[in-house]
Amino acid sequence: MIKFENVSKIYNSHSVALKDVSFEVNHHEFVSVVGKSGAGKTTLLKLLLAEEKPTGGKIFFNRQNIPTVSQKELPILRRQIGAIFQDFKLLPNKTAYENVAFAMQVVGKSELEIKSDVPKVLDLVGLKDKADNFPRELSGGEKQRVAIARALVHRPSVIVADEPTGNLDPINTWDIIRLLIKINELGTTVILATHDKEIINALEKRVVSLEGGVVARDENPGRYVMS
């Protein structure tokens, strides 16, 4: 499904983010990508989302080499890969419902589809009763749930979560992790980038460890082990 093949990303002679990285992610897998700050986790996800291009190597998604995807085809690719970030990226002047609906509007979905799909996805993330609340009226955990709902509304085959619990307290952190597990159990592939040792060790799922831009370990099940 996803394949990194000898991928490198070099910004300059003093900044090598990734070096000859190779690994695969299969359908319905839950994979954690771990490493200290600067290990290359975010760069890896940006390459997968086609926000940046690799210096060398290939990145396949369903046999399509992402770096060669045309600008015209990019929106189609990105709808298949839902992304969640540490800072939520919600529109402050739109309600929870409107934030999710907006993601559908920009790709030309009809009002009928929006009215059908948005309540379903808000219900899935446990925010049915918060549809009319603005981000300022939501807790950090609730904001992240809206962000997850927005990522899910296109029914992507993959969810990429970049430090999704970085701004959350322990209770909300585990609520979000449980939600990602539920999404994975419903059939969506999940790639979680984090440096939270406690989460990784509790998950007991596959772990790809990055150290200095290289894959140091790839274990299933894995633990958070940093040298």
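Computed from Cα positions, the angle between helix 170-185 and the longest principal axis of the chain comes to roughly 80 degrees.
Which residue, 27, 195, 14, has the most motion in a Gaussian network model of the chain that connects Cα atoms within less than 10 Å? Per the Cα network of the chain with a 10 Å cutoff, 14 tops the list. Size estimate for the chain follows the Kirkwood approach: the inverse of mean 1/r over distinct Cα pairs works out to 18.0 Å. Under Stokes-Einstein, with the Kirkwood radius over Cα pairs as Rh, the value for the range 147-227 at 4 °C and 1.567 mPa s is 96 µm²/s.
Nearest 500 deg cm²/dmol is fine: what mean residue ellipticity at 222 nm does the chain get from its DSSP H runs of n ≥ 4 alone, each adding -39,500 (n - 2.57), divided by its residue count?
Values: 7 runs with 74 residues, N = 227.
Per the formula, -9500 deg cm²/dmol.
For the range 135-144, putting each phi into the Karplus relation 6.51 cos²θ - 1.76 cosθ + 1.60 with θ = phi - 60° gives couplings of x, 5, 9, 10, 6, x, x, 5, 4, 5 Hz, in residue order, rounded to whole numbers and with x for Gly and Pro. Looking only at GluC sites (Glu not before Pro) in DSSP loops with at most 14 other Cβ atoms within 10 Å, what is the longest site-free stretch of the chain? It works out to 74-203. Computed extension length for residue 186-residue 79: 36.7 nm, one decimal, from 0.36 nm per residue of separation with the Cα-Cα distance subtracted. Per-residue 3J(HN,Hα) values for the range 99-110, derived from phi via the Karplus relation 6.51 cos²θ - 1.76 cosθ + 1.60 with θ = phi - 60°, read 5, 6, 4, 4, 4, 7, 4, 5, 9, x, 5, 6 Hz in sequence order (x marks Gly and Pro).
For residue 18, the residues whose amide H sits under 5 Å from its own are 9, ignoring neighbours fewer than 5 places away on the same chain, with H placed 1.01 Å from N. Can you give me the C-alpha center-to-center distance between the range 169-227 and the range 1-36, rounded to a whole angstrom? Each part's Cα centre sits 15 Å from the other's.
Note down the magnitude of the dipole of the range 2-198 about its Cα centre, charges +1 on Lys and Arg C-beta and -1 on Asp and Glu C-beta and zero elsewhere, to the nearest 20 debye. Intermediate results must be reported in sequence, preceding the final value.
Working: 27 positive and 24 negative charges, 96 e Å.
With only Lys, Arg, Asp and Glu charged at Cβ, the dipole is about 460 debye.
Readers should treat all values here as calculations from the given coordinates under stated rules, not as data from a laboratory. Since we're looking at a predicted model, the values are computed, not measured. Heads up, the Cβs are rebuilt from the backbone with ideal geometry, glycines too, and the neighbour counts pull from every protein chain shown.
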